[in-house]
Structures are given as structure tokens and as C-alpha cells.
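Worksheet: the structure to be examined is printed underneath.
The values are calculated or read from the model by the stated rules, or taken from the named source; none is laboratory data. Because the structure is a prediction, the values reported are computed rather than measured. In this analysis, Cβ positions are derived from the backbone assuming ideal geometry, glycine residues included, and neighbour counts consider all displayed protein chains. Please note that ligands, DNA and RNA were not included when accessible areas were found on the heavy atoms of the full protein model with its side chains. Shrake-Rupley method; radii C 1.70, N 1.55, O 1.52, S 1.80 Å.
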Amino acid sequence: MRKFVFLCLGFICCSFTYAQKVAVLEYNGGGDWYGNPTALPNLVQFCNQNIRTKIDNEIGQVKPTDPALFSYAFIHMTGHGNVYFSEKGIENLRRYLLGGGFLHIDDNYGMYKYLLPQLKRLFPEKELQELPASHKLFQQPFNFSKGLPKIHEHDGKRPQALGIFDQNRLILLYTFESDLGDGWESPAVHGDPAEVREKALKMGANIIHYAFKN
């Protein structure tokens, strides 16, 4: 299964030699999947300029059911509200992730109670695990010795990076109580100080780096 889907994907490679494509996941349920429109373009620009990636500047938009899902090396998902995946979407996402794809879900605030049942449908045999600060996601190319940074405050809770693994490879990352995507947005959107945006973008670059290298 893994070998077959790797051949189908074609986008997963061990270096940044070839252009990669990334996309935003358009999910059902009524949540604002389209939130933070400047976030991913800004992150792509930052990565191409600072960690020598060659990511296509054109950001894709893909549904879980779409065969085009397999054209993207990295899928980003965000929003505030309800999330729902159809059975076909669950099947397609599962094949994508087990075959070498990577999904980053950045909770823009309020996704948790809706998302968890869908993740249990996606991987009923797996549990979300919190990534320790020692995980390599926080070490390369930028060091975050304390783990996931806090970008925007909501409920006074600590930021958490939660993951689902397959054979020790992180295939799904859920960032909670951090709001990285808001930090990736253009300066005028939230008025974040430059150092806050830089911290968010560097953490995003680490996520991209891990997704492309593993």
C-alpha cells in the first residue's frame, strides 16, 4: 500500500530540488476553511527565501474527495467552526496520509470539539499524541527549545502540537492554542509585532521542512 501510493504521489522527494505544491483543504460542515487567506502565501514566500525551498507560489485549493489531493506535498487546514468529512473524503485522506502526504491542521480557535470526532473516523486505531519539545519538528531549521510557540492568546491555555504517526513518521499535525496561521498573515491583518510574525513563520518553516523531508 505505502509503496504503491508513493509511486502515485510523485511529489514526495528527499530534497528541495524540484518545485513542490501546497494547498488549503476545503472541508464540509460549515467551518471557515477559507480563513487566513494571506497566511499560506506568506509562509511559502518565507520558506522559499529563507530555507531554500522551491514551492510553487500558486496555492492550491482541494477537497478531501478530490483525486488532485495527491498532487500536493503539503495540505493546510484551518478555521473556527464545524468540520465534517464524507466517507469518500475519509478514505481519500487516509490513503493520502499513509502514502506519504502531510496534513497540518491549525486551529484558528474553536475547531477542537468538531475536529476530534472526524480524526477518530480517519484513524480509529490511532490517538493524537503530544509532541515533546525534543521532537525534530522543533529543531530544524529553526530551534524552538520550548516547543510550539504561542502566537495569539485566546483562553489562556498553553500551546500544544498534537500529532498522528505512522511507523514513527508524523503524518498529521494539529496545532492548538497557538494560532500560527494568524501569525503568518500579512502585517496589516492582525497588527502583530515583527518578532511575533517572525516566530510564527519560522515555526511554519519547520513544519514545511519536516513535511518535505520525512
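Stretch Asn214-Ala68 to full length: gain in nm at 0.36 nm per residue minus the Cα-Cα span?
That works out to 50.5 nm of additional length.
For Lys126 and Asp32 in the same chain, what is the full-extension length gain: residue separation times 0.36 nm, less their Cα-Cα distance, in nm? Mind dumping the intermediate values first?
Numbers: separation 94, 0.36 × 94 = 33.84 nm, distance 2.64 nm.
Here the segment from Lys126 to Asp32 would lengthen by 31.2 nm.
Taking amide H atoms as placed 1.01 Å from N in the peptide plane, list the residues 5 or more away in sequence, or in a different chain, whose amide H sits under 5 Å from that of Glu130.
Gly163
Which value results when the Cα radius of gyration for region 107-184 is divided by 2.2 N^0.38 Å?
Details: Rg = 12.9 Å, N = 78, 2.2 N^0.38 = 11.5 Å.
My calculation over the Cα atoms of region 107-184 gives 1.12.
Determine the principal axes of the Cα atoms in region 64-125, then give the extent along each, sorted from largest to smallest and rounded to whole angstroms.
So the extents along the principal axes, rounded to whole Å, are 29, 21, 19.
What is the extension gain from Tyr84 to Ala194, computed as 0.36 nm multiplied by their sequence separation minus the C-alpha to C-alpha distance, in nm to one decimal? List each step's numbers first, then the result.
Numbers: separation 110, 0.36 × 110 = 39.60 nm, distance 3.52 nm.
36.1 nm is the gain from fully extending Tyr84 to Ala194.
Comparing Leu115, Leu180, Leu148, which has the greatest mean-square fluctuation in the GNM of the chain with Cα pairs linked when under 10 Å apart?
Leu115
Carbon and sulfur atoms: what percent of the 1.4 Å accessible area of the chain do they account for?
Numbers: 5000 of 9820 Å².
With neighbouring chains kept in place, the figure for the chain is 51 percent.
Top mean-square fluctuation among Ala73, Ala23, Ala188, Gaussian network model of the chain, C-alpha springs under 10 Å?
Judging by the Gaussian network model, the answer is Ala188.
Under Stokes-Einstein, with the Kirkwood radius over Cα pairs standing in for Rh, what whole-number D in µm²/s applies to region 45-162 at 10 °C and 1.306 mPa s?
Numbers: Rh = 16.3 Å.
Taking Rh from Cα pairs, D becomes 98 µm²/s.
Per residue, how much accessible area does region 72-214 show when a 1.4 Å probe rolls over the protein heavy atoms, in square angstrom? Walk me through the intermediate numbers first.
Values: 5830 Å² over 143 residues.
Accessible area per residue: 41 Å².
Could you work out the pair-distance distribution P(r) of the chain from its alpha-carbon pairs, with 10 angstrom bin width and percents rounded to whole numbers?
8, 38, 40, 13, 1
Just to check I understand the Karplus step: with θ = phi - 60° and J = 6.51 cos²θ - 1.76 cosθ + 1.60, what whole-Hz values come out for region 56-67, glycine and proline as x?
In residue order, the calculated couplings are 4, 6, 7, 7, x, 9, 9, 8, x, 7, 7, x Hz.
Using 20 Å as the cut-off for backbone N distance, which residues of region 74-95 belong to the label zone defined by a point 7 Å from the Cα of Asp155 along Cα→Cβ?
Output list for this probe position: 78-84.
At most 16 other Cβ atoms within 10 Å and a DSSP loop assignment: could you name the trypsin sites (Lys or Arg not before Pro) in region 69-126 that fit?
Working: sites: Lys88, Arg94, Arg95, Lys113, Lys120, Arg121, Lys126; in loops: Lys126.
Answer in residue order: Lys126.
Take the Cα pairs of region 152-214, get the Kirkwood Rh, then feed it into Stokes-Einstein at 10 °C and 1.306 mPa s and tell me D in µm²/s. Present the calculation step by step, with values, prior to reporting the outcome.
Details: Rh = 12.9 Å.
D = 123 µm²/s.
Order the peptides 198-210, 28-40 from the highest to the lowest mean number of other Cβ atoms within 10 Å of their residues. Mind showing how you got there, number by number?
Working: 198-210: 22.0, 28-40: 17.5.
For the peptides 198-210, 28-40, the packing ranking is 198-210, 28-40.
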